[in-house]
Amino acid sequence: MEKLKGEKTFFAGVTCNNADMKLFLVSLVLFCSLVILIMQFLPSEITVSSSTTYNLSWPQSPPPNVSSAVRSWMKEELTSDYVVKRALNAVGSAAYLFIQMGAYRGGPNSFAVIGLASKPLHVFAKPRFICEWLPLTFHGDDNSSVTASGQTILPDWGYGRVYTVVVVNCTFSVDVGADGIGGCLVLRATTGGGSDRAAETEERFIAMEEAPGSVNVTMFSTPPKYDCLYCGSPLYGELSPQRVREWIAYHAKLFGLKSHFVIHDAGGVHRDVMEVLRPWMEKGLLTLQDVKEQERFDGYYHNQFLVLNDCLHRYKFMAKWIFVFDMDEFIYLPSETNLEPLLESFSGYTQFTIEQMPMSNTLCQFKDYGNTSRMWGIEKLVYRDARRKVRRDHKYAIQPRSASATGVHLSKNVAGPSLQETGGRIKYFHYHGTLAMRRDPCRELLNATKIFFDNTPYVLDETLRSVAGEVRMFELKMIGPRLAHARE
């Protein structure tokens with residue numbers, strides 16, 4: 001019985017092994033058939049060159065949907081010195097040559113074109129711009145067109161990312177279009193080739209068109225419409241409607257009715273913020289521009305430099321002074337100072353800077369306990385950073401007619417002197433981070449006039465708290481109680 005049991009086990013193992021062998025042979029046959037099938041679709045000839053590169057020889061032409069660059073693909077070579085000379089082949093383009101945002105007249109014979117361009121191209125190559133004016137009567141066979149070399153300014157101080165801001169100044173030797181017949185400004189942009197001289201390319205496009213009778217040359221010499229105009233940086237994120245409300249009412253009162261505010265929406269003007277802006281837009285005091293399209297192009301800080309330079313040139317002849325600061329910053333003049341005579345005293349300067357007074361965005365007074373939710377931010381945030389000998393950013397105001405480009409904290413492209421110190425005659429209180437804070441900012445309630453908090457000395461400063469009541473009354477007078485229930 002023991003022998004019989006062993007024989008049964010032996011035959012079962014043989015049977016199992018035979019089954020495995022059959023499965024292996026079937027798989028091998030299928031694999032070989034698949035290899036033969038694939039070989040039928042490979043190129044008819046594959047050769048190995050002396051420099052060990054593989055060259056595919058297509059029968060007639062490359063297959064469809066293959067880039068034309070492949071048709072002239074450079075190959076490796078073996079030199080007479082037995083050195084393998086490698087080849088690098090470029091396909092496509094990584095960035096646009098030029099992305100125009102705006103084009104504006106700078107005078108009877110000059111224009112400014114504002115846009116973005118590839119940063120590596122402008123850093124490592126020598127791209128050129130050629131400006132051409134074509135009158136409406138131009139037919140291509142006369143000498144009525146005028147050309148000039150475009151002068152480029154890169155005003156973003158090297159902060160650009162994939163794209164850098166470029167302001168192209170086109171100044172012709174004679175007046176163009178001033179006769180009112182109309183015409184167009186054509187810009188020819190080149191790559192400059194970089195180190196790859198064979199890659200020099202040019203794009204020619206219409207940067208600006210003028211209809212007959214649309215140009216009034218007196219605008220370049222007549223007094224501007226506004227005394228002050230605010231050019232705002234792009235607004236983005238989840239902004240607090242209440243903080244926006246306070247900021248507009250405060251500065252509308254400060255700047256007066258001969259002023260205007262230009263707000264740029266980069267995604268921050270949601271429905272509740274729009275409700276705050278609308279009354280002032282209806283009053284004609286504020287213009288809202290949707291600039292969310294610029295988010296497609298990777299520039300510095302939501303393309304802040306691009307937006308500010310476009311604003312500068314767009315309103316160049318509409319305002320005597322353009323102010324550049326942010327919506328969490330409040331301009332302040334000492335009580336004995338009025339804005340109009342102050343600006344008049346600065347008229348000999350092209351621009352002047354404004355000193356920063358940094359405020360805490362969390363420290364409030366204990367006496368306001370239970371009332372902070374009903375108070376304005378400038379009423380309850382009353383502790384100022386008291387550190388000395390600390391470098392702080394400045395903001396500024398500029399006379400736009402004397403500037404060819406601008407920046408965030410200062411312009412480096414102005415004609416005329418700049419005033420760096422104003423002797424405390426104009427300052428700005430900075431409530432950093434509060435604009436995007438959708439809650440009551442008070443996190444610590446204090447009962448002191450001086451305190452160290454997070455290793456920073458603070459002192460009680462109720463400067464703006466003292467004027468908040470006047471601002472509330474001004475808002476009520478201008479637009480009524482429409483914003484009385486604005487949300488944090």
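Points worth noting:
- Residues of the range 156-182 that turn out to be of a type in the set (G, A, S), crowded, with 24+ Cβ neighbours inside 10 Å and within 30 Å of Y301 (Cα to Cα), as a count: 1
- Looking across the range 410-435 at every residue that is over 18 Å from E379 (Cα atoms) and aliphatic (A, V, I, L, M), the one that is surrounded by the fewest Cβ atoms within 10 Å (Cβ to Cβ) is identified as A415.
- Conditions (1) open to solvent by 40 Å² or more (accessible area, probe 1.4 Å); (2) touching a residue at least 40 places away in the same chain (Cβ under 8 Å); (3) part of a helix (DSSP H, G or I); number of the one not met by R482: (3)
- Residue match in the range 436-453 (condition: under 30 Å from L343 (Cβ atoms), free of Cβ contacts under 8 Å to residues at least 40 places away in the same chain, not acidic (D, E) and not in a strand (DSSP E or B)): no
Results for (1) in contact with a Pro (Cβ under 9 Å, 6 or more places away or on another chain); (2) surrounded by fewer than 18 Cβ atoms within 10 Å (Cβ to Cβ), shown as yes or no for each residue.
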{"site": "V273", "(1), (2)": "yes, no"}
{"site": "G284", "(1), (2)": "no, yes"}
{"site": "V291", "(1), (2)": "yes, no"}
{"site": "F305", "(1), (2)": "yes, no"}
{"site": "L312", "(1), (2)": "yes, no"}
{"site": "M318", "(1), (2)": "yes, yes"}
{"site": "M327", "(1), (2)": "no, no"}
{"site": "F330", "(1), (2)": "no, no"}
{"site": "P334", "(1), (2)": "no, yes"}
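- For the range 376-406, taking the residues that are among the aliphatic types (A, V, I, L, M) and touching a residue at least 40 places away in the same chain (Cβ under 8 Å), the one that is farthest from D328 (Cα to Cα) is identified as A403.
The rows are residues; the columns are (1) open to solvent by less than 30 Å² (accessible area, probe 1.4 Å); (2) in contact with a strand residue (DSSP E or B) (Cβ under 9 Å, 6 or more places away or on another chain); (3) in a strand (DSSP E or B); (4) without any contact (Cβ under 8 Å) to a residue 60 or more places away in the chain.
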site	(1), (2), (3), (4)
P341	no, no, no, yes
E344	no, no, no, yes
T353	yes, yes, yes, no
V408	yes, yes, no, no
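- Flag if E295 is in contact with a Gly (Cβ under 9 Å, 6 or more places away or on another chain) and open to solvent by 10 Å² or more (accessible area, probe 1.4 Å): yes
- The single condition among (1) over 30 Å from Q304 (Cβ atoms); (2) modelled with pLDDT of 95 or more that L154 does not satisfy is (1).
- Only listed residue being surrounded by fewer than 16 Cβ atoms within 10 Å (Cβ to Cβ), in a loop (DSSP other than H, G, I, E, B) and within 28 Å of the chain's Cα centre (by Cα), chosen from R387, R391: R391
The values are calculated or read from the model by the stated rules, or taken from the named source; none is laboratory data. The structure displayed is predicted, hence computed values, not measured ones. Note: ideal-geometry Cβ built from the backbone for every residue, glycine included; neighbour counts use all protein chains shown. Heads up: the accessible areas ignore ligands, DNA and RNA and are worked out on the full protein's heavy atoms, side chains in. Shrake-Rupley method; radii C 1.70, N 1.55, O 1.52, S 1.80 Å.
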